[in-house]
Amino acid sequence: LEWFAYDIVYRILVGLGVGYLIGRLITWLFFTLPKRFDASHVQRGLVSLSATLFVYGVTELIHGYGFIAVFITAITIRNYEMNHDYHKVLHSFIDQIEHIMLAVLLILLGGAVVDGLLESLTWFYALCGLIFVIIVRPLAAWISLLPVKMSGKHKLIVSFFGIKGIGSFFYLAFALNEVSFAHASEIWSITAFVVLLSIFIHGLTSTFAMKKID
């Protein structure tokens, strides 16, 4: 009961509440005020990164889920005047930051692989990883798209290119930091293998698939 009240109810509600309130505050500071005082020069892309770090830190300080709070803040900001030009500025900046961070993380991943990240990978785990990428993930995505009005071809392509990326490492690191799991090294190895498979398989086929869509 204590776990449910604290980890489920309290922490999720705090994440939702703080995310929404800070999202509203940011929209007021950077959407409403500049129009009133002709201060459009404050509408910089850096706000997107600052908001991410700020809302995550504040939420974690009061023991809420910072990840949920960041997500809710982003939704709140995005839904304010959907056609506002400032959204393009925010999106463009965070897109560049994402590409830079992705490049750094991939370099670190390469170093970790060389340093023995895949040492616990067996042929059975490799087969499991291949099944995850080729069958399980696309099938799960395809099922989730059944209610969506989209052509069968587009559903197949969207489902197949559900890339397993750096987020997998974040969730795994978070889980292992909270609870001790048996066979942690094996879990790291198979996760890294799945990500590497996704990089190669989706990377080699994405250009061809996009041309087919066009």
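The values are calculated or read from the model by the stated rules, or taken from the named source; none is laboratory data. Everything numeric here is computed off the predicted structure, so don't read it as measured data. Cβ: placed from backbone, ideal geometry, glycine included. Neighbour counts: every protein chain shown. Side chains included, ligands, DNA and RNA excluded: accessible areas come from the protein's heavy atoms. Shrake-Rupley method; radii C 1.70, N 1.55, O 1.52, S 1.80 Å.
General remarks:
- Condition broken by A103, with the remaining ones in (1) under 30 Å from L197 (Cα atoms); (2) surrounded by 12 or more Cβ atoms within 10 Å (Cβ to Cβ) satisfied: (2)
- Residue in the stretch 194-205 that is open to solvent by less than 90 Å² (accessible area, probe 1.4 Å), farther than 16 Å from A112 by Cα, not in a helix (DSSP H, G or I) and not basic (K, R) present: no
- On inspection, F181 does not qualify as surrounded by 13 or more Cβ atoms within 10 Å (Cβ to Cβ) and aromatic (F, W, Y).
- Residue match in the stretch 80-93 (condition: among the hydrophobic types (A, V, I, L, M, F, W, C), in contact with a helix residue (DSSP H, G or I) (Cβ under 7 Å, 6 or more places away or on another chain) and free of Cβ contacts under 8 Å to residues at least 60 places away in the same chain): yes
- Options L146, L139: the member that is open to solvent by 80 Å² or more (accessible area, probe 1.4 Å) and not in a helix (DSSP H, G or I): L146
- Residue under evaluation Y20, criteria (1) among the aromatic types (F, W, Y); (2) over 22 Å from A173 (Cα atoms); (3) open to solvent by less than 60 Å² (accessible area, probe 1.4 Å), criterion not met: (3)
- The residues on offer are V195, V136, V158, and the sole one that is among the β-branched types (V, I, T), farther than 28 Å from Y65 by Cα and at pLDDT 90 or above is V136.
- Every pair of residues 6+ apart whose Cβ atoms lie under 8 Å, when the first sits in the stretch 151-180 and is over 26 Å from I100 (Cα atoms) and of a type in the set (A, V, I, L, M, F, W, C) while the second is open to solvent by less than 40 Å² (accessible area, probe 1.4 Å) and modelled with pLDDT under 85: I157/A209
- The set of residues in the stretch 15-62 that are modelled with pLDDT of 95 or more and of a type outside the set (A, V, I, L, M, F, W, C) comprises G15, G17, G19, Y20, Y56, G57, T59, E60.
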